[in-house]
Structure formats: C-alpha cells, structure tokens
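Please treat every number below as a calculation from the coordinates, not as lab data. Everything numeric here is computed off the predicted structure, so don't read it as measured data. Note that each Cβ is placed from the backbone with ideal geometry, even for glycine, and that neighbours are counted across all protein chains shown.
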Amino acid sequence: MVRIIGRGAYGEIWLARSLTGTWRAVKIVDRRTFENEKTFQREFEGMAKFEPFSREDPGFVDILHIGRDDGGHFFYYVMELADDHLGGESVDPVRYVPKTLKSELGRRSRLMVDECITIGMSLTSALAALHRQGLVHRDIKPANIIFVGGVPKIADIGLVAASGQISFVGTEGYMPPEGPGSVQADIYSLGKVLYEIAMGKDRLDFPAVNSHLADLPDRTGLLQINEVLLRACANDPGDRYPSAAMMHEDLVRVRDGRPLRRTWKMPWRLIFVLVLLVAIVGGTVYALLRRARGEVLIETDPPGAMVVCNGTMRRAPARFEQLPLGRYSAHVMLSGFEPTDLKFEITGGAGLQLPRLRLERSHGAVQLDSQPTGAHFDLLDGDHVVKSGRTPATLADLPTGPYQLVLKLDGREERESIEIKRGELTEKVVAFGTGRLSVTSEPPGAEIEIDGAPAGRAPLEVTVPDGPHQIVATYRKWPALRRSVPVRRDETTPAAFEFIGGSVKITSSPGGAAVFALDKEIGRTPLLIQSIDPGIVAYELRLPGYKGLLMTGAVKPGEQTFLGGRFEQRTGPQPGMPWENSLAMRFVPLGEVWMGVGLVRVQDYDVFCTAKGRARLMPDFPQEPTHPVVRINWADATDFCAWLTAREIEGGQLEDGQHYRLPTDLEWSLAVGLPDEGRDTPEQRDGKPSDFPWGKAWPPPERAGNYADASIRRTGQATIPGFADGFPQTSPVGTFGVNAAGLADMGGNVWQWCLDSYKGGAHTRDWGVLRGGSWGTAAQAELRSSYRNVVDRRERDVIFGFRCVLVPEAGR
C-alpha cells in the first residue's frame, strides 16, 4: 500500500504494488461509514455478484480479488490501475493522478464526435451487461470513467447494487429527477456524460447545444448524436431508452451514418375526437376549439421556485396565461430542494389553480474526521440533534442546508458550521489540542513563519496545535534560522533566535584615506566598522592625488571581514604613448594633444545619454554599438566632451585641467596628413587643391573607406561609379584600418565636427565646419582632404558625427 489516491462516500482508494511489482488500485470499504450492518452487507453482496463478470466486458474496470477481515470491520477489492493523466501507462508513485474522463474534459474542453461515439458504445455495452445481471451502477459521471491502456472503463464499482435499491448516491445534474437505482437512471446519467464531452457544456445546461456549433468541423455528427442524448436524458423515464442495448444500437447507427430507429405513439384518442368533431359540427367548432385558451397558477411551499412551462420560466407563485387546451408538464426547481415535474390539463373556462406544491429538501452527505481521531460528535439542525457518533464517520441522506457540528474530546469542545450541498460529499476535519508558542529574537523584529505561514514579527505569542512545529526566523539580510519546536498541549513553549552581526576592518596604503558608504564619509583608514548586517558590502576610498579605490566583501554573522588595498597615483596619458580612457576609446599623440583613433561610437554616446537622462536621436537605419553615432550637432558633441571630462576627473583617470574637446580645423588637417595650409580661418583655407585621404587616385581604391557606393539603396542618391565598400550606411569604426598617424575613418563613414567656426574662433556663433566626407558622399571635390563642409551648428543629420581630442594640460 503506497498512498491514498481517492476518497468516496464509503471508503478510500489506495495506490498499491504487488509482490511482482505490478501497480494496482485497492478500494477499502469501512463498516463505520454505514449506518447499519444491512446496508454494509448489501454493498458487499453487490460487489461479490459483480466480480465474476467484471473481467468479461472491456467497458468495466477488472476486479481481480475481493476480501474481507474476520471481524466484519471492512472489505476490500483489488482492481487494475487507471493510466496516469500525463504519463499514460508509466506510473510515478509520487506524482500519479488517475486519468479520467473528467481530467480529459479539464484538459481539452470537449471531445470530437467520433471519439464520443466510441466512448458511448463502450460504456453502453458495459451497462447493458451490468443490467442483464440485475445490477445498476447509480453514479455514472466523468470522474467515474477511467482510462486503462487508453480504453474508457466504468469505475467506482462500489456503488453497484441490485436494480431497484435506492439510497443516497449520485451527483447533481447526472442524477435523474426520479433518483438513482434503475436502468433508466443509469441511461440518463450516461446521456449527461456524453452531452458534456460532445457539446463541451455543463450537464446543467442540457439540452442547450454548443454556442459555436455552426463553426465546429463535426457539427453534422453533433446534431445526430444530440438526438440520442435528448432521448437518453428525457425527464420522463418512459420516454428514455428502455435499455442500454437500444441506446448502443442507436450510437452504432450514428457511427455508420444510418437513421435512428423511431418509436411512434399513435394518438388514437386524439384522432377519434377530431374525426368525431368534424363529423358532427364541422370545421366551425373545430376552429373555436383551436382558439380556446386557459391559464394556470402554480404555487410552491416554500415560494420562490423557478417554474418552466410551455417554454417559459417564471418564479412561483407563477401564472401562465393563454395556454392552448391540452395536457402540460411543468418543471419546478429551487436551490436546496429536489426538482420535480407537475402535470396538469387545461380544459378552458376559469383559470386553473393547482394545490400548493410542497417541495422536498435535497440531500447530501458529509465525511467527518478529527485530529486526533475518535472525537464524539453531534450534528445539529438548530437545536435538534440530527446525528451523533464518533469520528471518522460518513453521514449520508442529510437534507441540504446549514448545520452546527459539536465535537468533544478529552474534555475539550470544538464547534464548526457545515453547509450540506445537494448531491455532494462535504469533507470536514476538526483539529484538537493546542498550546502557546512564545517566539523572541535578538535584535527584536525578526519575521516569523510557523509551519510555512507568516505569523508576524518577534516577539510574539501564538496559539498552535500541540505537536512539533517548524519555525523560520528571518531578519534583514541574515540567513534564515530554522528550528523544530515541540509544543505541548495547554503549555507555553519558548523559541529564541539570535542574529549576531559581523564587522569590517578597512586599511589602505598610503593610509589616511577617506572611507565613503553611499557617498557619505564614515571615517578614515585604518577603520573598524561593527554590527553590520550579513551580505555584500561596498566602500569607496578616496585620497588626493590617487585613483579612487572600490572595496567590496561579504560579511558573515559573527565574523570579521578584512578589506585592504593599495592606491595607484592618478595618471593621464604619458608623453609619446597611446592611451585608452574609461570608455575604451583609444587615443594617440598628435602634436600637443592626443587625438581619438576612432570616431565616437554609439556605445560611447549611449553611456553619456544614460548618465544625463537624455534620449539619443535614432537614424532611419539600423546601427550596431560599434558604429559611429549620428544625428549629432555641434552642441551635442561639445556636451559629450564636457561630460566625459567631468566623469574621468571624478573617476581619477584625468587630473584637474586635463579635458576633452573637439579637434580644431588645423588639428584635423594635421591628422589627415595635409601640409601646413597657412591662413587664419577655415574659410581662408577652404577649397585649396589637395590629395584625397587615400592618395591621388580617383575613384577610390578598394577599402579606401566608407563612401557612397552602389549598396546605399536610396532613391536619387549619387554614388561613386565602380566603387564598392559593402556598407549601405555607417560601418563599424575602424573597419578600413588607420592612416600614417594611426587614425581611423579620416575619410568617409561620417562628417566630423571641428571646434572652430567657419569664419574663425572656436565660439563665434556662425557656421560650423565638418571634415572628411561620409557614407553618403560621392562628389570628387567633397572627398578631397582640404574640403570644408559648412553647416549651421544647430543642424543634425544621419551623416554627421565627431571624434574627440584629449588636452593633457590646462589652457590648451
């Protein structure tokens, strides 16, 4: 016996394994769940009668063995095991859940008609075999249809009884109006099951069809099988199939596309009357009879029931008017009461007032237990004791509604409210025995969980059931502390938790550095910090003339963490040596400055935008992080240089006075390899004859740079005949190598802003200067090294970018 996998009104179902390793299901039926020996013996006899032929029909779960104890306290039977709802015939004893028609509905919402017919044929065949033995099932529903090796089978055989025996079993909606215990009742229940799986609707919606019927691929078959369901689920047992075998035959006809068998009831009396009327008084009297109408008043006790008559629903007291003469059947429903059908006849004349209909309470069941078990219970309906006994117990045939449950054990008393619902088994478990649990923490304020549920902050005192409890205490960043504490009944049990802090010792070389935590100075090295929460800590050390130090470490409870570090002197670029800044932008010496080897990239500019909270303007084509940033005006470029200067001074990469800026027009000419052009302003130097950045040849040779070639893909865009660089727009910085000065992209990719204004001076508010051409430049004159592109400094374009120079000394 491995574990319980199901509970019913009369027992438990266990997952079990034989000595040969075969998985089985075992149902144990307990005598204590029956009110008397007679009903217990009846269940055993039903099983004993059913067992021999259970293995003869594939539509039944095979009963492999039946046994009982010598004292008559229980009997049991061994069955083949249902497939797992996910793993099929592969059984994992920990996760096993039986595959039932109910679980399939939950997973698929509805089944196709062909599959419904196959299931219906299998189950009607099994029911026919059961009924031939004089037995009925009494609770056909999706949860009681299991799959074994993929084959649907009727399960919960413990409800099988001799035909005609009526007791409280069955489930609302599947149970017919007259109650369970007959052949026609089983047929009704099976019809509701097939209705749910075929229409995808709840059995209480019957006879409504699927609201999307017109769109379903199997709609024709659904309409055919619906005729079978309407007959199987008729309210009047006399209108249903007289046998499961006849229902099986109609399902076979639906499967084969043949018409259903029709049962006609010849209205001889009506025909006789009509003929007599025509013969005596002719068509006039007949027409008067057709126009005759009557009315009926239906009242219920209690009032408020819903009454359905002649296709209309009203709340009682319900009056139905203008009813043609004839016989009628009204269906009456009220929550908590059994539905019933009321028959009457309208004969004309005065309105018909029927006797007040007294509704009968519905019934349900309750399964009671207590912890510990063995408690005495009284079930009260108001002040009246309905049932008494000891737990565990299953009480059947209880009228629906609210009840009060009183349990007594060892001088203690527990009271609980119970709601009995129609056709349902309510489970109620009441726990006894409590004690007090007093939880403290040092420091106070720890969050406390008891048995996985939050209990509040320590210190606290709570009432808990007696027995062991798992307590978890968490405080700020400390690891959770866990403890199992046994609580004795009616006693107070203490549980104390202590959270010990850690410490950090910080030292530096040279000493005397300021130590900062969250930008607040907390002391100077050497420094001891105590009573620190466990976890990762970080401190910044600052010392004039040295690069800042960031120290991190992990603090553990009750332990000291040592953090030590040596400062490095602040250094910028060294004379004559290349240098790399904090954004991995490389610079090489050029005259008195260091010029950026490459253009400012998208990834560089994004760091600036994030720090300043501004959005980068996006081009209308895709770019990678290593492409040059575009849509930049002169102010954007100078803002970036100012921000980068401040960032690296603060980070210790630059000394005060060192700074970034745009290259001047003369510095750019020197970088591209132009000889001294003389003159004072870019305007005066503009247009002088010169070579191209790659030399004298035209058009540009292969890999000369990123210019306007055939790949540009822009309507009306001029291109350089015979030239191909492979990039329709920008290319990664440095793709085409460096020039003699070690600088990349001195021609092509993007136009580059200079510091000067076109007419002279770095800060004059007039036209700006762009140098070098771009991916969109094709004109031969514009690609000469001496060409100046004159643009309003406020303009931004997808062909405008920039590079930086680093000035190592103030004033340059």
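Some points to look at:
- Taking packing as the residue-averaged number of other Cβ atoms within 10 angstrom, the listed peptides 442-448, 485-491 run from highest to lowest as 442-448, 485-491.
- Links that overshoot a 18 Å alpha carbon limit, given the list K102/K141; K520/K612; K201/K343; K505/K547; K387/K408: K520/K612; K201/K343; K505/K547
- Sorted largest first, extent of region 1-129 alpha carbons per principal axis (Å): 49, 36, 29
- Note, ³J(HN,Hα) from phi for region 689-701, Karplus 6.51, -1.76, 1.60, rounded to Hz, x at Gly and Pro: x, 6, 6, 8, x, 9, x, 9, 6, 9, x, x, x
- Take the convex hull of the alpha carbons in region 703-768; its mean projected area over all directions comes to 6.4 nm².
- Beta bridges by DSSP in region 695-806, antiparallel share as percent, to the nearest 5: 75 percent
- Computed from Cα positions, the angle between helix 268-291 and the longest principal axis of the chain comes to roughly 70 degrees.
- Against the chain, whose longest principal axis comes from its Cα atoms, helix 183-199 is set at around 20 degrees.
- Overall dimensions of region 415-456, expressed as equivalent-ellipsoid semi-axes from the Cα gyration tensor (√(5λ), whole Å, largest first), are 37, 13, 7.
- Overall shape: oblate for region 170-260, with the ratio a/c of the largest to smallest alpha carbon gyration tensor axis at 1.5 or above and b/c at least equal to a/b.
- Relative contact order %, region 535-609, counting alpha carbon pairs below 8 Å whose residues are six or more apart: 17 percent
- Phi to ³J(HN,Hα) by Karplus 6.51 cos²θ - 1.76 cosθ + 1.60 over region 121-134, Hz, x for Gly, Pro: 5, 5, 6, 5, 4, 5, 4, 4, 5, 5, 5, 5, 8, x
- Contact order relative to length of the chain, as percent, for alpha carbon pairs under 8 angstrom and 6 or more apart: 6 percent
- The DSSP beta bridges internal to region 477-578 are antiparallel in roughly 75% of cases.
- Take every DSSP beta bridge whose two residues both sit in region 410-564; close to 75 percent of them are antiparallel.
- Using equal-weight Cα scatterers in the Debye expression, the normalised intensity of the chain in log10 at q = 0.06, 0.11 Å⁻¹ is -0.77, -1.21.
- 20 Å tail of the calculated P(r), region 349-503, as % of Cα pairs: 63 percent
- Here the Karplus curve 6.51 cos²θ - 1.76 cosθ + 1.60, taken at θ = phi - 60°, turns the phi angles of region 35-46 into couplings of 6, 8, 5, 4, 5, 4, 5, 4, 5, 5, 5, x Hz, with x standing for Gly and Pro.
- Based on every Cα atom in region 624-678, Rg and the maximum pairwise Cα distance Dmax equal 14.4, 40 Å.
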